[in-house]
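The values are calculated or read from the model by the stated rules, or taken from the named source; none is laboratory data. In this text the structure is predicted, and so the values were computed from the model without any measurement. Neighbour counts are summed over all protein chains in view; Cβ atoms, including those assigned to glycine, are modelled from backbone coordinates with ideal geometry. Just the protein is used for accessible areas: all its heavy atoms, side chains included, with ligands, DNA and RNA removed. Shrake-Rupley method; radii C 1.70, N 1.55, O 1.52, S 1.80 Å.
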Amino acid sequence: MFKSLFRPKQQPRRASSTDGRVVYAVGDVHGRLDLLDGLVDLMTQDYRAMERQDPPVLVMLGDYVDRGAQSAAVIDRLIDLKHQAVAEGRFEFRALMGNHEETLLHFLDDSQAGPSWVEYGGGETMASYGVQRPVGRADPEVWEQARQAFRAAFPVAHATFLRQLELMVVYGDYVFVHAGVRPGLPLERQVAADLLWIRNEFLDNPHGLGATVVHGHTPVEEVFVGRQRINVDTGAYATGVLTAVRLDGGEPKIIQFSKARAA
């Protein structure tokens, strides 16, 4: 599960520009509100220590739901951060879609997405909204009843937030996506399926973009910082470690909040 074997942890880097911005990119949260709150506090302290006046950028890399027990509360927190950014102007907020958000939205519209979704943590998300998941591979009628119950319990504000998530953002020499990019294709030809789901084709091959891709999706035991890409998914739901990287034109800085996994 954790992508670390037979791959160097670090590679020499070239200087990369963020167009003068300070950008914090946060890896996969997966229902761990406790870790998200702690990491937001650390990033806030880090930025204050820089003594800059311009607003920083907070990029969330997707996979906010599933596996952890607090998916509904995580979405509430992200919506609150988005509103703060707009109302107060102290920071810019950009939230990307992950493959788990895409699958949740599919289930809202089609009960056939349910059985595979719960195998990858969707049951915990349903529970966080007060809906019981069907037991085992229940028949289609049971899954349709579960979908209707989940849809009724799912706040309109949460659905709106998820449907407005972005697939990619770019700051200077950095491209931010959830999973990765299709090697050999320019950014304008990248498709959602790859940006949300790609794995080995991206991880094992140079992408040729002349930029550094910052991503999550594939959990690693240690943050990977390389010329081609930076992976900040440290498997928060399982490890109790949520990771962000600060990018400001110098060497990337890793910021982590850790906490023992809840029993």
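Structure data summary
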| read-out | value |
| --- | --- |
| For the chain, built as a Gaussian network whose Cα springs stay under 10 Å, the top-fluctuating residue of ASP28, ASP76, ASP110 | ASP110 |
| Positive-end residue of LEU78, VAL225, THR160, charge dipole of the chain with Cβ unit charges | VAL225 |
| Point-to-point label distance, ILE79-ASP19, nm (Cα→Cβ direction, 7 Å offset) | 2.9 |
| Value of relative contact order over the chain, rounded to a whole percent, pairs C-alpha under 8 Å and six or more apart | 27 |
| Gaussian network model of the chain, springs between alpha carbon atoms under 10 Å - residue of GLY250, GLY136, GLY208 with greatest fluctuation | GLY136 |
| Percent RCO, i.e. relative contact order, over the range 17-167, from Cα pairs under 8 Å lying at least 6 residues apart | 24 |
| Size of charge dipole - the range 84-182 - debye, nearest 20, with Cβ of Lys, Arg +1 and Asp, Glu -1, no other charges | 100 |
| Per residue accessible area of the chain, 1.4 Å probe, in Å² | 45 |
| Estimated 222 nm signal from helices in the chain, with DSSP H stretches of n ≥ 4 weighted -39500 (n - 2.57), rounded to 500 | -10000 deg cm²/dmol |
| Calculated diffusion of the chain, Stokes-Einstein form, Kirkwood radius summed over Cα pairs, 37 °C and 0.692 mPa s, µm²/s | 174 |
| Dipole moment magnitude, nearest 20 debye, the chain about Cα centre, only Lys, Arg, Asp, Glu C-beta charged | 580 |
| Most mobile of LEU196, LEU61, LEU247 in a GNM of the chain (Cα contacts under 10 Å) | LEU247 |
| Built amide H within the under 5 Å cut-off of VAL214, gap 5+ | VAL175, PHE176, VAL177, ILE230 |
| Percent of alpha-carbon pairs separated by more than 16 Å within the range 199-250 | 41 |
| With every protein chain in place, the chain: carbon and sulfur % of accessible area (1.4 Å) | 51 |
| Compactness of the range 116-176 as Cα Rg over 2.2 N^0.38 Å, two decimals | 1.51 |
